[in-house]
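Asker: If you scroll down you'll find the structure; I have some questions about it.
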Protein chains: 2
Amino acid sequence: MRMVKTFEALASEPRLKILAYLSKATMTAGEIAERFDMAKPSLSKHLSILENAGLITGVKKGKFIHYSIIQDHIVNSLDGYLQEVCPTRKPLREESAAKAKGEAEG
Amino acid sequence: MRMVKTFEALASEPRLKILAYLSKATMTAGEIAERFDMAKPSLSKHLSILENAGLITGVKKGKFIHYSIIQDHIVNSLDGYLQEVCPTRKPLREESAAKAKGEAEG
DNA sequence: AATTCGTTTAGTCAATAGCCTAATTATCTA
DNA sequence: TAGATAATTAGGCTATTGACTAAACGAATT
């Protein structure tokens with residue numbers, strides 16, 4: 001159930017985009033909204049879905065709500081899932097790391 | 001787009017269950033179907049969604065179609081996504097590994 | 001030729017997702 | 001206190017999703 005909720009939150013173009021923004025910096029709801037051609041309430045809904053899944057958190061400071069990513073949750077969730085579903089994960093993970101390294105260098 | 005498709009495929013209880021079965025062994029469509037209280041066409045749809053997302057593959061052998069998980073795809077997709085969205089991922093990953101190790105020992 | 005495995009197509013239905021506008025709440029400012 | 005601003009909540013509308021049944025189909029076995 002928890003994993004489904006996490007994946008549901010991630011299964012959306014605008015929500016992945018929000019997470020990409022928040023991976024670089026904390027932003028207010030308004031700042032995020034500026035970057036989308038979408039009504040504010042719709043965006044607010046996306047934010048609440050992400051927050052509800054534990055992927056981001058919003059902290060109210062005066063008039064504004066500052067949203068930021070919760071990296072621990074994303075990493076541990078996806079990482080944990082991989083461990084469950086991929087028993088032979090370790091070598092693949094090393095391979096993946098090697099590939100990433102090669103791309104960065106090449 | 002590709003990530004959205006992957007997450008959409010994963011955002012479903014029955015589909016996560018199918019992947020869990022396939023993480024242990026290759027199974028035919030019928031063997032999978034036996035484990036669900038669901039009409040065959042519905043299950044067939046789930047299988048095609050997973051296959052279309054590149055998470056599983058079906059190989060026809062005679063009358064049967066043998067499905068198996070494509071671990072490389074799952075690992076590389078989720079791993080790749082984590083690298084994009086979590087710049088400070090590395091230390092967290094180590095922490096996660098340490099936690100997993102502790103649990104296995106405890 | 002008949003049966004089995006599995007998919008596909010078509011039609012129906014209920015529930016959910018995603019968007020909108022309008023209204024509301026909370027806070028700041030003059 | 002009135003007015004402006006930030007963001008959410010509420011309500012409505014449409015499209016999609018996910019399930020079902022029933023029927024048909026292709027491919028392989030018997």
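Asker: Just the residues that are at pLDDT below 95, of a type outside the set (A, V, I, L, M) and within 21 Å of B:Glu13 (Cα to Cα), please, taken from region A:1-46.
Answerer: A:Arg2
Asker: Look at region B:2-17 and say how many of its residues are more than 8 Å from DNA strand D (Cβ to nearest atom), within 8 Å of chain A (Cβ to nearest Cβ) and in contact (Cβ under 8 Å) with a residue 40 or more places away in the chain.
Answerer: Looking only at that region, the number is 2.
Asker: Right, another one. Does region A:27-50 hold any residues that are more than 8 Å from DNA strand D (Cβ to nearest atom) and open to solvent by 70 Å² or more (accessible area, probe 1.4 Å), and which are they?
Answerer: Selection gives A:Glu34, A:Arg35, A:Asp37.
Asker: Can you name every residue in region B:35-86 that is more than 22 Å from A:Glu84 (Cβ to Cβ) and among the β-branched types (Val, Ile, Thr)?
Answerer: Selection gives B:Val59, B:Ile65.
Asker: Give me the residue from region A:47-67 that is touching a strand residue (DSSP E or B) at 6+ places or on another chain (Cβ under 8 Å) and β-branched (Val, Ile, Thr) and, out of that set, nearest to B:Leu10 (Cα to Cα).
Answerer: Among them, the one singled out is A:Ile56.
The values are calculated or read from the model by the stated rules, or taken from the named source; none is laboratory data. It should be emphasised that the depicted structure is a prediction, and the values quoted were computed from it without experimental measurement. As a convention, Cβ positions derive from the backbone with ideal geometry for all residues, glycine included, and neighbour counts pool all protein chains shown. Each accessible area value is taken on the protein alone, full model and side chains, heavy atoms only, with ligands, DNA and RNA left out. Shrake-Rupley method; radii C 1.70, N 1.55, O 1.52, S 1.80 Å.
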